Amino acid sequence: MYRMYLGKLRIPVFPEKITMKINGNNKTVNLINGGEVNIIKPTGLTDIEFDILLPNQKYPFATYGNGDFRRAWYYLAKLEWRKQKKKPFPWIVYRTLPDGTKLFSSSIMVTLEEYTIKEDAKEGFDVVVSLKFKQYANYGVNKVKLVTNSDGTVSIKLQKARAILSDKKLRVPTTHKVGTNETLWSICKYYYGDALDYRTIWLANRDRLKLKSPEEIPVGVILEIPRRD
């Protein structure tokens, strides 16, 4: 089973394929003797592309975040909002085997570069959207202060960089005592900022506490809260 989220928005139908291009920034320099050398530089930002199907009618293979059916216009409005907001957001993919075994997940901060809305007769009343994302990397600015010395010379003092749009890293404790009316989802949202990754807490405690299901977390038990990077 595959699940995909754009921020907190769950995509109802997982795309048939996803293309991730890992860009390089290496530079080739010509030498005087006619030879070439390759200057290795840090990896460039990753490009992500895929097409999604947005149903305008109910299908058994489509899944929705809260279980309620949403037509295509709802997702198109969310995409337009993302584009106008001009801020990065997480692109998340969860991969799980049919028996519930959790495979690796992908979580990358991205920006929505562009998208194309396609209505094709072969898709009936449904809408297909081609999406292009680019990995987002935090950056900062350095402030330079000019200081006049006693001898009349000027020196440069580099001040501490200030991060711009830096991701908020949540610090979580190692344990949590379950209180009255608390659920695994509410605990996950409190510590991680969202409830999408509740299975991280569930799998970390299931065997040790002999828990039967994520819906049944006894009051008073001590849960281990894994640190999520």
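Numbers for the structure displayed
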item	result
Hey, Lys83 exposed (fewer than 15 other Cβ atoms within 10 Å of the Cβ), in contact with a Leu (Cβ under 6 Å, 6 or more places away or on another chain) and modelled with pLDDT of 85 or more or not	yes
Tally of residues being at pLDDT 85 or above and in a loop (DSSP other than H, G, I, E, B) across segment 211-224	4
Which listed residue is surrounded by fewer than 11 Cβ atoms within 10 Å (Cβ to Cβ), closer than 27 Å to Leu203 by Cα and in the same structural domain as Phe133 (by TED's automatic domain parsing), from Thr96, Thr101, Thr116	Thr101
Tally, over segment 3-41, of residues that are outside any strand (DSSP E or B) and charged (D, E, K, R)	4
One residue from Thr28, Thr19, Thr46 being touching an Asp or Glu at 6+ places or on another chain (Cβ under 9 Å), over 23 Å from Lys102 (Cα atoms) and polar (S, T, N, Q)	Thr28
Members of segment 42-67 that are among the polar types (S, T, N, Q) and either modelled with pLDDT of 90 or more or not in a loop (DSSP other than H, G, I, E, B) (or both)	Thr46, Asn56, Gln57
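The values are calculated or read from the model by the stated rules, or taken from the named source; none is laboratory data. These numbers come from a predicted model, not from an experiment. A quick note on method: Cβ atoms are made from the backbone with ideal geometry, for glycine too, and the neighbour counts reach across all protein chains shown.
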